[in-house]
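Here is the structure we will look at.
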Amino acid sequence: MKHETTTASAWERWCETLRGEAEQGDPVARWRVHLGAGVYWEALYTPDAPHTGQAMELPLRAGSSPALELPLLGVDLERELLVLEALADRGPERVYVPLDPWVRAGRDAVGGRGVPCLGLRLTTVEQWETLTRAAGRAGAALFVYAGGLGAPVQALLDAASEQPGIHRAVVDPYASLAADGELPTALEAAERATVAQLLREEAPGPAEPLWSWHTETWHLAGACLARRLALALASTVAALRAGERHGATAAMVLRRVETRWAIGRDVFAEAAAMRALRLLHARLAELCGVSGIAARARIIGAPSWRTRTRHDRWTNQLRATGDLAAAFLGGADVLSAPAPDLAAGGRSVDAARVGFQSALILREESHLGHFQDALAGSWAVESLTTALCERAWELFQEIERTGGLGVALQQGRLFEAIAADRAEEEGALARGVREIVGSTVFAWPDEGPVEDAVDPAEAAQRCAEQVQRWQDAHQEAQSWRWDDDGVLPDIAVLRGQAGAGATLTTLQMAYGATGSPSPTLDPLPQAREASRIEALRARSAALAARSPSSALVTSLLVGDPLALKARAAFSRGWLEAAGLRVDERVVTWEDAAAGLTLSGAASVVVNAPDAEYETRLPALTRALLQRGARAVVVAGRPGALEPVYHGAGVLGWLALRQPCIETLETLVAVLEAET
C-alpha cells in the first residue's frame, strides 16, 4: 500500500485499513510511522484482540545535545588531577570516579577477575577535598561510583565539599555483588540505606541519580545485548521494590535512576540497544502509573572496557570514536570519553586529552548531538530495536520469575546463562569468525612499550599496602558502637565520623558491621575480549626471552606461492598475534620431506592446498618431527581425515572456523615444556 502523509486523519484512515486487513484474516497487521519529535503511532490488530491505535512516546534525552563526562578511571590521584587541570577549559559537565573495588567494598582481595582494579584509592577527607576542588575549578560535578553502598562515600564527599550535595555518590548493589562476590553489608540493608537517602533528599524539580546501573559488569562477563538490557530493567525493578518496602513511590525512584550503558563493538546494534532501553524504561514506568520526566530513561554512553586492547593501543581511540558515535545515534544523555591507553596501563595526560576531545569534536563539529533520534525511520535499526525489546523483556521476565534480581544472583542460574553468552562470543573469536584489529588480526609484532606505564612491582606494593589498610580498618571498625545496636547509622553520623578523620574503608567496615552479613557469591568472571590472546602473546615473549629460537616458527609454502598467498597470510597473522616470529619459505613437497633444514626453528606450519594433504601430509609430518621439529601445525581444514593426521603427529589447525587460539595455546605449551 502507498504511504500517506502523517496527519491525524491519515492515521485514522490507516487504522481503518488495518482493521479491515485483520478482519480478513491477516494474523498481525502492523504499521509504524514517524510523526516527529520522537513520537510513534503504532497499531497492532488481531482478530482475537482488536484495539485502537495509541500514541507511544519514544522518550529522548532532555537537552538538545548530550553532556560530556570525563572519566577518571584511575591509576593514581596525582595523574587524575593533572588530567582535570589539562581539560578544565574544555568544559566537561561531569567527572566520573569509580572507586577501587578494594576500597569501595572494604575487602582484602578482589579475586581472579582478569581485569585491573580500575578506580581511585580515595580514602581520606584530605584526598576527597583535593579532588572536589579540582572538579570545582573545571566547573564539573563529581559522580562517584561507590559499588553497593553509597552512604559512607556520600558522607566523605559532603565532608570534603564546600557545598554539600553538589557531588554525588551513585550505587549499583546488584552489579557490585556480582563483580565482587559480596557487599560491605547485607543487600537488603544497602537497599534500605539508599532509599533512606532518597527520602531525605526528595524535593520537587530535577534530581541527580542515586542508582547508576553499571552494565559494564555484565558486559565484561560476556552477557549478550538483550541480557544486558534485561539486567538493567531488572535492576530498576529491584530498586522499585526496595522503594515500595521503605516508603518511596515509583516516581521518586524512577527519577533517580540512570543506566551507565557499556558500549560494545557494533555501532548500530549498540545504538539500537540504547533506543530499546528507552522504550523498556517507558514501558516499565507506564506499568507503574508514572509519567513525565520520571518515565524518561537517563543513559550514560560509556565505551566498554571489554573491547579495549593492550596491544596496538591507539586503535582503541578508533574504537572509542565508533562507540561515541553509537551513543550519539542512540540518544544518550551523557557521553563518557576515556583515554585510549588505559588497557595498556598507561597514564598519559595527552592520551586522556585525545580521548576527551574526540567526543567534543563529535558533538560540536560533527553535529551528531543535534539529533534527538537520528536513526528514526531506519527499517534495519527499528527492526533491531523491536527485536531487542522483545527478547530483553522475555529475559527480564525469566529473572522476575525467580523472585527478582537479588534472588537470581544468589541462585546462580543467571551466572550460567551469562557464561553461555560468553562461551559463544569467545568461541567466535577463537575460530576467527570475529576479529580484534591489532590483537587477533593485523598484530604489530614490533610495538614498543607504553611510556610511563604502571610498574607491576609498584602495583604489587600498592596492593600489599591496601591489604594492610584493610586489616587496620577492620580492627578499628570492630571497636565502634553505634547508638542503635543492629541499626545502620544515619548519614549524618557518618558525616561526623568522616569530619573527625575516619577513612572510607573504616566507614565501610563499621557501616557493614552494624547490619546482617552480606550474601557471599563466587565473583562473576570478567575479562576483556582480547585478554586470552594477550596472555598467549605474553607467554611467547617470555619464551623468546629465555630461548629466542623457541619462538621462531618456519612457515612452509608447499606449492605455488601465489595460490597459497591468502592461506599463508592467514596463518602468519595468527602466529604473529600469538607473539611468535615467522620465517617463510617456498618449497616443494619433495624438498620439504627430504632435505629441509629448519635453521633452529622449534616448530613448523605447513601451508598447502587441502586436496594434497590426504596423500602427502602424514609422511611430511613424520619427516619433520624426525628432523627435530617440536611441533607441526597445518594451515587448512582437516575434514574427515583429522584422526589420521593427528596420528601422524599434526598438533592442530589454523583456518577459519577452526579452534585457532586453542591450537596456538597448545603450540606454546609444547614449546615451553621443551625449554
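In segment 605-627, the residues that are at negative phi form Cβ pairs under 6 Å with partners that are small (Gly, Ala, Ser) and assigned to a loop (DSSP other than H, G, I, E, B), at six or more places apart or across chains, as follows: Ala608/Gly559; Asp610/Gly636; Thr621/Gly649; Leu625/Gly649.
Filter segment 540-551 down to residues that are closer than 18 Å to Trp444 by Cβ and touching a Leu at 6+ places or on another chain (Cβ under 9 Å) and give me whichever is modelled with the highest pLDDT.
So the residue we want is Ser540.
So in segment 125-178, with the set limited to residues that are over 19 Å from Val493 (Cα atoms) and of a type in the set (Val, Ile, Thr), which one is most open to solvent (accessible area, probe 1.4 Å)? Taking the candidates together, the pick is Ile166.
Taking segment 637-675 only, how many residues are more than 14 Å from Ala578 (Cβ to Cβ), free of Cβ contacts under 8 Å to residues at least 60 places away in the same chain and open to solvent by 50 Å² or more (accessible area, probe 1.4 Å)?
10
Only a single criterion out of (1) in a loop (DSSP other than H, G, I, E, B); (2) at pLDDT 85 or above; (3) closer than 19 Å to Pro517 by Cβ is not satisfied by Gly139, namely (3). When the criteria are applied in full, Ser439 meets the requirement of being hydroxyl-bearing (Ser, Thr, Tyr), open to solvent by less than 60 Å² (accessible area, probe 1.4 Å), assigned to a loop (DSSP other than H, G, I, E, B) and out of contact with any strand residue (DSSP E or B) (no Cβ under 9 Å at 6 or more places or on another chain).
Tallying residues that are over 28 Å from the mean Cα position of the chain (by Cα) and over 13 Å from Gln197 (Cβ atoms) within segment 234-250 yields 4.
Can you spot a residue in segment 328-342 that is open to solvent by 20 Å² or more (accessible area, probe 1.4 Å) and within 20 Å of Ala577 (Cα to Cα)? Checking segment 328-342: not a single residue is open to solvent by 20 Å² or more (accessible area, probe 1.4 Å) and within 20 Å of Ala577 (Cα to Cα). Only one entry in Ala294, Ala207, Ala251 is surrounded by fewer than 19 Cβ atoms within 10 Å (Cβ to Cβ) and at pLDDT below 90, namely Ala207.
Given the structure, is Thr520 hydroxyl-bearing (Ser, Thr, Tyr), at pLDDT 75 or above and either open to solvent by less than 30 Å² (accessible area, probe 1.4 Å) or more than 21 Å from Leu199 (Cβ to Cβ) (or both)? Here the answer is yes, as Thr520 does meet what is asked. Every listed requirement among (1) of a type in the set (Ser, Thr, Tyr); (2) modelled with pLDDT under 90; (3) over 15 Å from Arg528 (Cα atoms) is met by Ser336 save one, (2). Residues of segment 184-217 that are outside any strand (DSSP E or B) and either within 17 Å of the chain's Cα centre (by Cα) or closer than 25 Å to Arg528 by Cβ (or both): Thr215, Glu216, Thr217.
Screening Val634, Val668 for residues that are under 39 Å from the mean Cα position of the chain (by Cα), part of a helix (DSSP H, G or I) and closer than 26 Å to Gly427 by Cα leaves exactly one candidate, Val668.
Do the conditions hold for Gly647, that is, is it touching a helix residue (DSSP H, G or I) at 6+ places or on another chain (Cβ under 9 Å), at pLDDT 90 or above and assigned to a loop (DSSP other than H, G, I, E, B)?
Considered against the rule, which asks whether it is touching a helix residue (DSSP H, G or I) at 6+ places or on another chain (Cβ under 9 Å), at pLDDT 90 or above and assigned to a loop (DSSP other than H, G, I, E, B), Gly647 comes out as no.
Of all residues in segment 424-436, exactly one satisfies the criterion of being among the acidic types (Asp, Glu) and either buried (at least 20 other Cβ atoms within 10 Å of the Cβ) or in a loop (DSSP other than H, G, I, E, B) (or both), namely Glu435. Among the residues of segment 603-636, those that are surrounded by 14 or more Cβ atoms within 10 Å (Cβ to Cβ) and of a type in the set (Ser, Thr, Tyr) comprise Ser603, Tyr613, Thr621. Entry remark, segment 285-332: residues being of a type in the set (S, T, N, Q) and assigned to a helix (DSSP H, G or I) number 5 in total. Name the single residue, out of those in segment 254-267 being surrounded by fewer than 24 Cβ atoms within 10 Å (Cβ to Cβ) and β-branched (Val, Ile, Thr), that is modelled with the lowest pLDDT. Among them, the one singled out is Val267. Quick check, is Ala544 open to solvent by 20 Å² or more (accessible area, probe 1.4 Å) and touching a helix residue (DSSP H, G or I) at 6+ places or on another chain (Cβ under 8 Å)? Judged against the criteria, Ala544 is a match.
The values are calculated or read from the model by the stated rules, or taken from the named source; none is laboratory data. Note that the structure is predicted; figures quoted are calculated from it, not measured. Every residue, glycine as well, gets a Cβ built from its backbone with ideal geometry; the counts of neighbours run over all protein chains shown. The area values use the complete protein model at the heavy-atom level, side chains included, leaving out ligands, DNA and RNA. Shrake-Rupley method; radii C 1.70, N 1.55, O 1.52, S 1.80 Å.
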